[in-house]
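Visitor: Next up is a structure, given as structure tokens.
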Amino acid sequence: MDADVLVIGSGQAGVPLASRLAGAGKRVILVERKELGGTCVNVGCTPTKTMVASARAAHVARTAGRLGVHAKEVRVDFPAVVDRKDAIVRSWRKGVEDRLKKGGDRMVLVRGHARFVGPRRVEVGGEIHSAQTVIINTGARGVEPPVDGLKSVPWLHNGTLMELRELPAHLVVLGGGYIGCEFAQMFRRFGARITIVDRAEHLLSREDPDISVEVENAFREEGIELRQRVKVARVAGKQGDVTVHLEGGGEVRGSHLLVAVGRRPNTDDLGCDKGGIELDEGGAIRVDDRYRTTAEGTYAVGDVTGGPQFTHTSWDDHRILFDILMGKGKRGRDGRHIPYTVFTDPQVAGVGLTEREARKKGIKFEIASMSFGDIARATEVDEPRGRCKILLDPESERILGVFVCGAEAGELIHIFVPLLQAGAKATAIVDAEFVHPTFSEGMQSLVMRLERYALS
Ligand SMILES: Cc1cc2nc3c(=O)[nH]c(=O)nc-3n(C[C@H](O)[C@H](O)[C@H](O)COP(=O)(O)OP(=O)(O)OC[C@H]3O[C@@H](n4cnc5c(N)ncnc54)[C@H](O)[C@@H]3O)c2cc1C
């Protein structure tokens, strides 16, 4: 079949691009090999945050005594938690399906695995499809590390872990990145024993250590066991009994093993060489500022371009590329300030340069740091754990980076994102009036911890 636009992958950019391009009068083919909606809807953000909400409810109920409220019995109905998650995922998936249907005759959904057989030509289930414009939104998947014995052990990834209907007795989590941390705390709060095994010095190793330490302390307090700075020699075991053997001796034994050690772009089975599409060393598709791959008329968006791998980034990619394809694109993919949030408790959110990055790059900065517990609201609601820090360019007074570890950090970071994007001075926050008592007013306090804005 021939079309104006061929979109491969129904991820966070593919679906809105396909439907908006169809709405603009283009004949569109969208190819998807699995469930509609991609990682975020099916095995990523939506199901995890739905389950994190249940886990947090259990934690709040169990610890309500600190607020003078005593719950008699806190019982997690794990199958009910999973059912709730499944229902929400199903409804979001249906939303994607309905959105695509609105494309009418101009939108053709092809189910199956797409593989390039030539420039702007793909094969799906024995049929050839081609288009003037091809957009690749094939996403990424969890890495299977080359660990001895892994192939013969029934290990879990993010998708299969969330399919369990019985709570693991002891979940061993390989990897202390954001996915490993979110699952570790969630399953601990459901009642499982948890051990995180990680080779880095700190959890969330991309953060400055003073931020990671806050999460580590919270995890230890909740009874999560941390085995850090260790390397896995091999794994062994069977269903319900898995052992992780560590280099230099020692082992961790549990009932289930979650592997969460990074994600790789879905390009190995895409036939990019046939399509004239160049990849980088990590297997990501090389794109320029306007999402152009090395093949004419072929674009790539989202996780498959190597990252940062977030839903909001892929969604933003769609907005930028749509405008480019419509001939009115002013923005490119570079120059964006991309925020992120780790949905642990306390949450960790950031935007811009970390202190470590700024030092490494030799960038001059002024810095202020503050305990989250210094915020009045944090005391009132008894959510004191965390730390916030800010880096400022001493000459322009522009904010270089902000990192918040604390309650609702994922909301708070948005106070700063538009300022960074607009290149505004930090005085925009100093001069504003913030509501008391809110966590947000704490963000003004953080800026005013910078010496130049401090009250005398
Ligand atoms: C456990 C977990 C939690 C996460 N939580 C968050 C979060 O809280 N916030 C956040 O911003 N991000 C989160 N992410 C990341 C987020 O899910 C991704 O960044 C997001 O889905 C963007 O992906 P995408 O649009 O690039 O493609 P995806 O959503 O991955 O979609 C790609 C689609 O392409 C299809 N496909 C692949 N190859 C082919 C082929 N050859 N032929 C046909 N179809 C193909 C796939 O089946 C898939 O449906 C999380 C990820 C995971 C794994």
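Taken together, the values in this text are just the output of simple stated rules run on the coordinates, not laboratory data. From a predicted model like this one, the values you see are computed outputs, not experimental measurements. A quick note on method: Cβ atoms are made from the backbone with ideal geometry, for glycine too, and the neighbour counts reach across all protein chains shown.
Visitor: How do the helices (runs of 4 or more DSSP H) wholly within the range 414-456 filter down when requiring 2 or more residues that are of a type in the set (A, V, I, L, M) and touching a strand residue (DSSP E or B) at 6+ places or on another chain (Cβ under 7 Å): which remain?
Guide: Those helices (runs of 4 or more DSSP H) span 417-422, 439-448.
Visitor: Report those strands (runs of 3 or more DSSP E) wholly inside the range 100-157 carrying at least 2 residues which are over 30 Å from the mean Cα position of the chain (by Cα) and either of a type in the set (S, T, Y) or within 16 Å of the ligand (Cβ to nearest atom) (or both).
Guide: 114-118, 121-124, 127-136
Visitor: When the residues of the range 31-46 are narrowed to those that are part of a loop (DSSP other than H, G, I, E, B) and either among the hydrophobic types (A, V, I, L, M, F, W, C) or touching a His at 6+ places or on another chain (Cβ under 6 Å) (or both), which ends up surrounded by the fewest Cβ atoms within 10 Å (Cβ to Cβ)?
Guide: Looking at residues that are part of a loop (DSSP other than H, G, I, E, B) and either among the hydrophobic types (A, V, I, L, M, F, W, C) or touching a His at 6+ places or on another chain (Cβ under 6 Å) (or both), I get R33.
Visitor: Starting from the range 65-78, keep only residues that are within 14 Å of R189 (Cβ to Cβ), then list their pairs with residues that are not in a helix (DSSP H, G or I) whose Cβ atoms are within a distance under 6 Å, requiring at least 6 positions of separation or different chains.
Guide: From the range 65-78, the pairs are V76/G191; F78/L167.
Visitor: Please specify each residue of the range 1-15 satisfying the condition of being touching a Phe, Trp or Tyr at 6+ places or on another chain (Cβ under 7 Å) and either assigned to a helix (DSSP H, G or I) or of a type outside the set (S, T, N, Q) (or both).
Guide: Matches in the range 1-15: A13 only.
Visitor: Quick check on R377: is it basic (K, R) and either out of contact with any Phe, Trp or Tyr (no Cβ under 7 Å at 6 or more places or on another chain) or part of a helix (DSSP H, G or I) (or both)?
Guide: Judged against the criteria, R377 is a match.
Visitor: Quick check: is even one residue across the range 341-362 aliphatic (A, V, I, L, M), out of contact with any Phe, Trp or Tyr (no Cβ under 8 Å at 6 or more places or on another chain) and not in a loop (DSSP other than H, G, I, E, B)?
Guide: Scanning the range 341-362 turns up no residue that is aliphatic (A, V, I, L, M), out of contact with any Phe, Trp or Tyr (no Cβ under 8 Å at 6 or more places or on another chain) and not in a loop (DSSP other than H, G, I, E, B).
Visitor: If you don't mind, there's one more thing I want to ask. Which of the residues belonging to the range 194-212 are acidic (D, E) and either within 20 Å of the chain's Cα centre (by Cα) or crowded, with 22+ Cβ neighbours inside 10 Å (or both)?
Guide: If the condition is that a residue be acidic (D, E) and either within 20 Å of the chain's Cα centre (by Cα) or crowded, with 22+ Cβ neighbours inside 10 Å (or both), then D198, E207, D208 are the ones that fit.
Visitor: Right, another one. Could you grab the pairs with beta carbons closer than 7 Å, sequence gap of 6+ or different chains, first residue in the range 389-407 and under 12 Å from A358 (Cβ atoms), second one in a strand (DSSP E or B) and among the basic types (K, R)?
Guide: Taking only residues 6 or more apart or on different chains, the pairs are F403/K389.
Visitor: In the set R106, R115, R99, R90, which member is in contact with a strand residue (DSSP E or B) (Cβ under 8 Å, 6 or more places away or on another chain), under 25 Å from Q309 (Cβ atoms) and among the basic types (K, R)?
Guide: Every option except R115 fails the conditions.
Visitor: Just one of (1) away from the ligand (no atom under 16 Å from the Cβ); (2) under 30 Å from D268 (Cβ atoms); (3) among the aromatic types (F, W, Y) trips up W92, so point out which.
Guide: W92 satisfies all of (1) away from the ligand (no atom under 16 Å from the Cβ); (2) under 30 Å from D268 (Cβ atoms); (3) among the aromatic types (F, W, Y) except (1).
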